[in-house]
Amino acid sequence: MITLYPKRLFKVPVEAECICPDVFAEKSAKEIATLQIWEGNRKRTLGDLFKIKHETDSPTEEFTIRICGDVSKVRKIGAKMSMGNIIVEGDADMHLGEEMKGGIITVTGNADSWTGSMMKNGTIEIKGNAGDYIGASYRGSTQGMSGGKIIIHGNAGYEVGCFMRKGLIKVHGDIGRFAGIHMRDGTIFIQGNSEGRAGAQMINGKIVVCGYIPSILPTFTIDDIRPKVKVNEENVEGPFYRFVGDLADGGDGKLFVSKTKNPHLSSYEEYL
Amino acid sequence: MDIAIKDGKIVEKVDEKKAEVVDASRMIVMPGGVDIHCHIAGAEVNSGRILRPEDHFKDVEAKTALTRSGVGYSIPSTFTTGYRYSRMGYTTVMNPSMPPLEARHTHEELDDTPMVDKATYPLLGDWWFVLEHLRDGLLEECAAHVAWMMSATKGYAIKIVNPGGLEAWGFGRNVKNLDDPVRYFNITPREILRGLCRVNKLLNMPHTIHVHTNNLGQPGNYLTTLETMKCVEDLAEEGHPAIHITHCQFSAFKGSDWGTMSSGAEEIAKYVNHHSHVTLDMGQVIFTDTTTMTADGPFQYGLYQLSGNKWVNHDVETETSAGIVPFRYKRKSAVHATQWSIALELALLIKDPWKIYMTTDHPNGGPFTAYPHIIAWLMSGVARKKTMSKISKRARRKSLLPSIARELGFYEIAIVTRAGQAKALGLKQKGHLGVGADADVAVYDINPELVDPSKKYKTARRAFKRAAYTIKGGEIVVKDGQIVRPVFGKTFWVDVKTSLPIEVNDDIKRKFREYWTVEYENYPIPDRFLHVPAPIPVKAEV
């Protein structure tokens, strides 16, 4: 296991794509210290900014990177990783686990926007809140998250799962507007409330809202009332209104909304 | 044999003791590459850049002590465009399709494209004054007006895109064939083409009319293309081309719909082989993610409907239109793979390499950085076969390529990538290494006496990707594929000398006031606006 301790408080963003088990594996602490990173527009080495402690691995344990301290200005942690573990004890900045292909990232604090964007596989678990564009595509692209799991124990921001193609995003808290915008497939499971406009321009996939949602987009039509809904292997008890959309884009996405938490949507029932 | 260079020109002899010597033994020496058709600057290209952040972020170039930073991929930033061309040994690049209204923007971007000489063609095929003059049969007035436009926009050649169709597109329509009249103007595409071809001759323009045909990108359009070539047949002087059909691949589809779409290359090649008034360029398709951009608004709208991708469409006032759609050419798509095959069939079936030139219509068929791949396909049946084995089965069955054994040699490659293009453009000082030519030289690290490119196509591909030396205007600007000296290129424009000074009448000025967003007084670009202007004086017959 390798533990990184930030030597000081970072004032400008640090781009640290190299903090990744694939890069660290089979390197000594000395070699790791020479890896290049950017602090603002300055080129630095990892050793300039972090104290690196190498602890011998037990052979059964997977390769693990632990970050202790404030890295809320460090971006791209775990980008493109394909194996091992990263544990961030504190907050992480944007682009955490971008394009990751495997392994597990755990953040005990909050994560910023673009967490898990374009990820292909693996798991990201955020114990706190997360920002916008979780599991999204890069700006302008239509290739969003295409596999893996993102679990957020707190709240999440806007446009979560933008252009998502596969996989699961699970939010235990509340979610901002436009969850699952442009969604192609996959599942977004929201245990808390939604700020609305969920599933705008979705083509396929599944969004489940267990809490309150102010309204459903006019381009969705009610389809059914279901007693429960299946999210991966888990059965979630309802009942749920099932909406289909986004019809403006000829979509066939499914939007499940809790019936008990949303009595103001009961007027839809007459269209069944 | 030695090539002597002095003051940016190729000369008979220099004092060898004082001169800097580049040892190019066991290498190929060619004139600097010339690209006849490549969208690298202007409003359209820049809108494409804005539209596609995802195109840039995976292809980033950091700045070095000599070069600026930039991004690719299909629509590289201006400086990166210049560097990448230069690294491949190219020294002259022509930017087609400039809406005259956007001439200022285009020239600003061209000025920021270093390392290469360049020029740009104003779009005149749907220009109101041209349509009106031609409709009324006022050929000489039309010629005088075009001469004024060349100087006002600092243009190099007459570009015609989907003649008549773009004006019709302003009203949501298109033209179907060469005899389909344009609404409100009552003029047919045939009249526009013939009229401008005559105007081109009256003005003694160095290049022919540069035509993007009607019905481009639609199955069955090879008939329109044949018709377009035939319609100016009688206007050609013996041995001189009268028309250049650009990115011909997109205009060589057979079939009645996408299901039955196949190659019309054989018919077009047959016609071109028997006539001397036509030149073509390939418009090769590369299997990659690219950005299509043409002035052909209706075609781009069709492409949007096919792909469902994000899109831009624009009606440029009274002048032309434009459209942009990101597009991915897939190996496994029968249509895309057939397109790939058509361009190569054209290049191989047309016997005279002086008639067909290598382009990708960058970025419409793919980025220009793919040129080494096309060279490999042209030089090696093995390379073609290898790509063939990966493409759609239906396209493979229909393709003519397996029946074509021809493989181009290095001399023919030199013609299709520089000499032929320079000749078609009328650039007398480019595309050859004779005394008096501009000292634009490309040296590629491959020994033509030892390497057989038809077998070792990968070696050839590698060599053409990174020039061992690129010499621009007598200075070594690239060494071993690295920029060693950034330089500015010239901007060519045609300065037409008419017998009487061109007068712009009050009617035209009034129309500018009424219909344009730019006043007449602000419309022409002064010579001093360009970084390094290089006017080419020609004497017109009007």
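Couple of notes before you dig in:
- Residue within region A:164-175 that is closer than 22 Å to B:Phe57 by Cα, crowded, with 23+ Cβ neighbours inside 10 Å and within 14 Å of chain B (Cβ to nearest Cβ) present: no
- Subset of region A:104-145 (residues that are assigned to a loop (DSSP other than H, G, I, E, B), of a type in the set (S, T, N, Q) and either away from chain B (no Cβ under 14 Å) or touching a helix residue (DSSP H, G or I) at 6+ places or on another chain (Cβ under 9 Å) (or both)): A:Thr108, A:Asn110, A:Ser113, A:Thr115, A:Asn121, A:Asn129, A:Ser137, A:Ser141, A:Thr142, A:Gln143
- Exclusive hit being within 14 Å of chain B (Cβ to nearest Cβ) and either more than 13 Å from the chain's Cα centre (by Cα) or surrounded by 17 or more Cβ atoms within 10 Å (Cβ to Cβ) (or both), set A:Lys76, A:Lys101: A:Lys76
- Region A:230-260: number of residues that are under 18 Å from A:Ala179 (Cα atoms) and touching a residue at least 24 places away in the same chain (Cβ under 8 Å): 18
- Which listed residue is farther than 14 Å from B:Thr288 by Cβ and touching a Gly at 6+ places or on another chain (Cβ under 6 Å), from B:Trp354, B:Trp377: B:Trp354
- Exclusive hit being modelled with pLDDT under 95, under 20 Å from A:Gly148 (Cα atoms) and of a type in the set (Ser, Thr, Tyr), set A:Thr115, A:Thr108, A:Thr56, A:Thr64: A:Thr64
- Residue ID - surrounded by the fewest Cβ atoms within 10 Å (Cβ to Cβ), chosen from residues in region B:497-536 that are assigned to a strand (DSSP E or B) and under 22 Å from the mean Cα position of the chain (by Cα): B:Ala534
- Positions within region B:272-322 being surrounded by fewer than 20 Cβ atoms within 10 Å (Cβ to Cβ), of a type in the set (A, V, I, L, M, F, W, C) and under 17 Å from B:Val45 (Cα atoms), in sequence order: B:Trp311, B:Val312
- Output for region B:67-92, where each listed residue is of a type in the set (S, T, N, Q) and within 14 Å of chain A (Cβ to nearest Cβ): B:Ser69, B:Ser74
- The requirement of being hydroxyl-bearing (Ser, Thr, Tyr) and either crowded, with 21+ Cβ neighbours inside 10 Å or touching a residue at least 60 places away in the same chain (Cβ under 8 Å) (or both) is fulfilled somewhere in region B:392-401, by at least one residue.
- Answer from A:Val71, A:Val88 - the residue that is free of Cβ contacts under 8 Å to residues at least 24 places away in the same chain, more than 14 Å from chain B (Cβ to nearest Cβ), farther than 24 Å from A:Gly176 by Cα and surrounded by 24 or more Cβ atoms within 10 Å (Cβ to Cβ): A:Val88
- Output for region B:504-537, where each listed residue is in contact (Cβ under 8 Å) with a residue 24 or more places away in the chain and of a type in the set (Asp, Glu): B:Asp527
- Region B:43-66 residues that are facing chain A (nearest Cβ under 9 Å), paired with ones that are charged (D, E, K, R) and in a loop (DSSP other than H, G, I, E, B) (beta carbon under 6 Å, 6 or more apart): B:Pro53/A:Arg139
- Candidate set from region A:146-161 (those that are in a loop (DSSP other than H, G, I, E, B) and within 9 Å of the chain's Cα centre (by Cα)); member that is farthest from the other protein chains (Cβ to nearest Cβ): A:Val160
- The residue that is surrounded by the fewest Cβ atoms within 10 Å (Cβ to Cβ), among those in region B:248-261 that are touching a Gly at 6+ places or on another chain (Cβ under 7 Å) and farther than 22 Å from B:Val278 by Cβ, is B:Ser256.
- Checking each residue in region B:144-179 for being more than 21 Å from the chain's Cα centre (by Cα) and charged (D, E, K, R) picks out B:Glu167, B:Arg173, B:Lys176, B:Asp179.
- Test: residue in region A:51-72 that is among the aromatic types (Phe, Trp, Tyr) and farther than 20 Å from A:Gly84 by Cα: no
- Yes/no for B:Gly217 being out of contact with any Ser or Thr (no Cβ under 7 Å at 6 or more places or on another chain), modelled with pLDDT under 95 and assigned to a loop (DSSP other than H, G, I, E, B): yes
- Of all residues in region B:390-417, those being hydrophobic (A, V, I, L, M, F, W, C), within 16 Å of B:Trp377 (Cβ to Cβ) and part of a helix (DSSP H, G or I) number 5.
- Scanning region B:141-166 for residues that are of a type in the set (Phe, Trp, Tyr) and surrounded by fewer than 24 Cβ atoms within 10 Å (Cβ to Cβ) yields a total of 1.
- Once region A:112-160 is narrowed to residues that are hydrophobic (A, V, I, L, M, F, W, C) and on the phi > 0 side of the Ramachandran plot, the residue that is surrounded by the fewest Cβ atoms within 10 Å (Cβ to Cβ) is A:Met118.
- A count restricted to region A:188-206 and to residues that are farther than 20 Å from A:Pro263 by Cβ, surrounded by 23 or more Cβ atoms within 10 Å (Cβ to Cβ) and within 15 Å of the chain's Cα centre (by Cα) stands at 1.
- Residues of region B:317-352 that turn out to be more than 14 Å from chain A (Cβ to nearest Cβ) and either more than 23 Å from B:Lys176 (Cβ to Cβ) or over 21 Å from the mean Cα position of the chain (by Cα) (or both), as a count: 24
The values are calculated or read from the model by the stated rules, or taken from the named source; none is laboratory data. Nothing here was measured: the structure is a model prediction, and the numbers come from that model. Methodologically, a virtual Cβ is constructed for each residue, glycine included, from the backbone with ideal geometry; neighbour enumeration extends over all protein chains shown.
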